[in-house]
Amino acid sequence: HKKKAFQLSKALEALGIATFVAHDTIEATKEWRREILNGLETMEVMLVFLTDDFHKSTFTNQEIGYALGRGIPIVSLKLEKSDPSGFISHEQALRGSLDDPSASAIKIQKLVAEKLGRQDRIQQSLISAFLLSPDFDETKLRFDRLVAVVNELNEAELAQIIEGFSKNNQLHHAGH
């Protein structure tokens, strides 16, 4: 499921959520156990990519236990038939799809914002991503993501958008 996990992580990053997927994030020559522990120590939310073989892994079970021990919120994304088990079985999993990581990412983004109680951080990440749009097509996608999540802008955010709009020609020429 590495390819699908990678696609989901990219879709989440486009929505302003930083991700750690061990097989994609850890650089060559780095000590992988230390890197995974660092990811576990710095995470704010754990997303469980729940497939039918998830609980067969010693590492995934230990990682869930680590998150629970730290009081980290866990969101289970049910991608196949298996339900969450063990200490996370009491919470309903979010239904996701291996075929459409972007649709799953939008559902996850809303849950993460709720779990953290930090919609402001998600909103700021979406604004920043929009302002850094590299091309016209990506500008449209990032704008749509922003509009789907943001209900209200404060004065500082509006000023940030106006300034960014004037500096990035991929934004101010996107409507032509």
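The values are calculated or read from the model by the stated rules, or taken from the named source; none is laboratory data. Everything quoted here is computed from the prediction, not taken from an experiment. Using ideal geometry, Cβ is built from the backbone for each residue, glycine included, and neighbour counts are taken over all protein chains shown. Just the protein is used for accessible areas: all its heavy atoms, side chains included, with ligands, DNA and RNA removed. Shrake-Rupley method; radii C 1.70, N 1.55, O 1.52, S 1.80 Å.
Assorted remarks:
- Percent RCO, i.e. relative contact order, over the chain, from Cα pairs under 8 Å lying at least 6 residues apart: 22
- With the largest listed first and rounded to whole Å, the semi-axes of the equivalent ellipsoid of the range 28-176 from the Cα gyration tensor are 35, 17, 16.
- Carbon + sulfur, % of accessible area of the chain - ligands and nucleic acids excluded, 1.4 Å: 54
- Extension gain, Q119 to T60: 0.36 nm times the residue separation minus the Cα-Cα distance gives 18.5 nm.
- Cα-Cα over 25 Å, subset of K30/K78; K3/K110; K115/K167: K30/K78; K115/K167
- Per residue, the solvent-accessible area of the range 1-104 (1.4 Å probe, heavy atoms of protein chains only, all protein chains present) comes to 60 Å².
- Straight-line cross-link partners of K81 among the lysines, defined as a Cα under 17 Å from its Cα and at least 8 positions apart when in the same chain: K4, K56.
- Taking the Cα centre of the range 90-158 as origin and assigning +1 to Lys and Arg Cβ atoms and -1 to Asp and Glu Cβ atoms, the resulting dipole is close to 240 debye.
- Here r is the Cβ-Cβ distance between S82 and H23 and R0 is 22 Å; the resulting FRET efficiency, rounded to 0.05, is 0.60.
- Magnitude of the charge dipole, the range 122-176, Cβ model with Lys/Arg +1 and Asp/Glu -1, debye to 20: 100
- Label point 7 Å beyond Cα of K110 along Cβ direction - residues of the range 61-86 with amide nitrogen under 17 Å: 75-78
- Available extension along the chain between E155 and K3 is 50.7 nm, counting 0.36 nm per residue and deducting the alpha carbon span.
- Extension gain for R33 to S102 (0.36 nm times residue separation, less C-alpha to C-alpha distance): 21.9 nm.
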